[in-house]
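Nothing in this text is a laboratory measurement; each read-out follows from the coordinates by a stated rule. None of the values given here were measured: they were computed from a predicted structure. All Cβ positions, glycine included, derive from the backbone under ideal geometry; neighbour counts span all protein chains shown.
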Amino acid sequence: MISEGKKTLWNDYQKEIADDNYFYARSCIRQNFFPGAEKTFLKILKEELKKDVYDDPRHTTCTGIAYHSDVVSLETTMTVVARQFALMTERGYRNFVPSCITSFGIYTEIMELWEHHPEIEDKIRHLLFKATGREFKVPANLAHSSDIIYKYRNEIAGMSKFKLINKNTGAPLRVVEHIGCHYARMFPHKGIGGAEYPCVLSGLAETFGAEVIDYPERRACCGFGFRQYVIQANRGYSISCSKRKFESMAPYKPDLIITNCPGCPYFLDSWQYVISEMEGKTYGQKGQGIPVLTFEELSGLMMGYNPWDIGLQMHQIPVEPLLDKIGVEYQQDDKYCDAQGRTFGKPVIPEMIKIC
Amino acid sequence: MNSFGFEIQKDNTIEYDKNDLSLAAFVLKHEPSLYNCIQCGSCSGSCPASAISSYQFRKMQLLMRRGEIKNLREDVAHCLLCGKCILVCPRGVNTRNVIRQIRIALNMN
């Protein structure tokens, strides 16, 4: 990636990120898609960086997907968000860290709305108290979990066992990144690096030694788009959007896609399989797909965590070619075993896409 | 191939870097009044050929200038060269000569 010029832009878009004492809000869908990602984030923060993170089991969805699909009203969403803030306040935290980009967008949008319209905030305070008897303080600091990892990227890289370098050739691995649309598109000053060229993931990948590729459709949506996917007949819009990204990145022969949103890795991962089954086309090398990792999974992998402990077997596109390039050792027999060594079932082998 | 209950749509991205713009350059060189076109569509609205076929002058010339010329031969074959489009054009584009130049370039005369 040519970073000349972008560095000036990045300097204009830096945000304040709290140092410690985080209240963590999990994603509602991510634990089904890539369940190891959030666990890896918590492990890195608590055990490696020795940070205070509170993972509250009482919190709920932020209703973001329902809100953007026009299923719930903004007023309902704001009251649910107010309850999340109330849980944070009850536990004595002021730094809110959502795992999800959609949630991050929802929280950012609502906090901005309340700042400009205090009467709406008062109304929501009244509704929340009436419904649950709870009160809340607005977070002093709001940062997405990828912001936290970016902030401590040098410390994480310093503790890492591996680098994003091909162990056979010594060349940096070619990485393409995809930023969730709601990270900085609505409020560019809330994202590291702004909306056009956020550096939250490219900076992380470069710290791990990768070569980041600025492919033409880098800023296009992953294809999730909420209502485009929720209705089956509309999923053609979703997969067509993802396909455009794959077609755009494939000529650069990327080794890896990294993302910071719950929906993006799922769609960039799964649609590769679906496109291969519908059209017989694959985008990786030798008929394989391009592995897709979340930023937490990548960080955990670099730190030497067992790939099957951080949930990499849950990816539709097998990660083994990437692990081989990096030099990560893994036991193939353990791939579909749980922590107690019990097999939880192997998936059907795809017809078109090569799995290894 | 498997069916999943939805279709992958054809990408409408226009690749200016890859498309052949030489035909558009030829036509614009020999009929520079086409530069004056404001895409108002009066030509298409007055065209008797567009009433009985999918041909539209505005769409055809716009795609040609973008290098999307796959269906161009079929499109210009519909033109009757009646010249109504010249009469209604508010910018004085010699539309009939545009068609003629395309046909010359495609060896259709």
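Work out from phi, with θ = phi - 60° and the Karplus expression 6.51 cos²θ - 1.76 cosθ + 1.60, the ³J(HN,Hα) of each residue of region B:61-73, listed in order in whole Hz, and give x for Gly and Pro.
Calculated HN-Hα couplings, in order: 5, 5, 5, 4, 5, 8, x, 8, 10, 4, 9, 5, 4 Hz.
How many partner chain Cβ atoms sit within 10 Å of a residue's Cβ in peptide A:226-239, on average, as a whole number?
Mean partner shielding for this stretch: 2.
Dividing the Cα radius of gyration by the Kirkwood radius, what Rg/Rh value follows for chain B?
My calculation of the ratio gives 1.05.
So which trypsin sites (Lys or Arg not before Pro) in region A:292-351 are both in a DSSP loop and have at most 15 other Cβ atoms within 10 Å of their Cβ?
Those that pass, being in a loop and sparsely packed, are A:Arg342.
Give, as ranges by residue number, the residues of region B:51-82 whose backbone N falls under 13 Å from the point 7 Å along Cα→Cβ of B:Leu21.
Residues B:64-68 qualify, since their backbone N sits under 13 Å from the label point.
Note the direction-averaged projected area, equal to a quarter of the hull surface, for the Cα convex hull of the protein assembly as shown, in nm².
28.4
Would you tell me the mean number of C-beta atoms belonging to other protein chains that fall within 10 Å of each C-beta in B:6-17, as a whole number?
5
Going by a ≥ b ≥ c, the root eigenvalues of the Cα gyration tensor, does region A:1-77 fall in the rounded group (a/c under 1.5), the prolate group (a/b larger than b/c) or the oblate group?
Working: a/c = 1.95, a/b = 1.21, b/c = 1.60.
Verdict is oblate for region A:1-77.
Please rank A:Arg91, A:Arg244, A:Arg227, fewest neighbouring Cβ atoms within 10 Å first, as an exposure proxy. Walk me through the numbers on the way to the answer.
Numbers: A:Arg91 11, A:Arg244 19, A:Arg227 14.
The fewest-first ordering by Cβ neighbours comes to A:Arg91, A:Arg227, A:Arg244.
When the helix-only estimate is applied to chain A (DSSP H runs of n ≥ 4, each -39,500 (n - 2.57), divided by the residue count), what is the mean residue ellipticity at 222 nm, nearest 500 deg cm²/dmol?
-11500 deg cm²/dmol
Scan around A:Phe23 for amide H atoms under 5 Å from its own, H built in the peptide plane at 1.01 Å from N, and keep only partners 5 or more places away or cross-chain.
A:Tyr54, A:Asn95, A:Phe96, A:Val97
Using +1 at the C-beta of Lys and Arg and -1 at the C-beta of Asp and Glu, which of B:Val76, A:Gly327, A:His144 has the Cα lying farthest in the positive direction of the dipole of the protein assembly as shown?
Result: B:Val76.
Just to be sure I understand: with springs between alpha-carbon atoms less than 10 Å apart, which residue in B:Leu63, B:Leu34, B:Leu80 has the highest mean-square fluctuation in the Gaussian network model of chain B?
B:Leu80
What pairs in A:Lys15/A:Lys123; A:Lys245/A:Lys354; A:Lys163/A:Lys245; A:Lys281/A:Lys335; A:Lys43/A:Lys163 have C-alpha atoms more than 22 Å from each other?
A:Lys15/A:Lys123; A:Lys163/A:Lys245; A:Lys281/A:Lys335
From the phi of every residue in region A:196-209, what ³J(HN,Hα) in whole Hz does the Karplus formula 6.51 cos²θ - 1.76 cosθ + 1.60 yield, where θ is phi - 60° and glycine or proline is x?
For region A:196-209, the Karplus curve yields 6, 10, x, 10, 5, 9, 5, x, 5, 5, 5, 4, 7, x Hz.
Looking at A:Leu127, A:Pro172, A:Thr282, which one has the Cα that reaches farthest to the positive end of the dipole of chain A (charges on Cβ: Lys, Arg +1; Asp, Glu -1)?
It is A:Thr282.
Working from Cα positions, state the angle (0 to 90°, nearest 10) between the long axis of helix B:95-105 and the longest principal axis of chain B.
60
Work from the charge dipole of region A:146-334 (Cβ charges, +1 for Lys and Arg, -1 for Asp and Glu, about the Cα centre) and give the residue of A:Met314, A:Gly209, A:Tyr197 farthest towards its positive end.
Among A:Met314, A:Gly209, A:Tyr197, the one farthest towards the positive end of the dipole of region A:146-334 is A:Tyr197.
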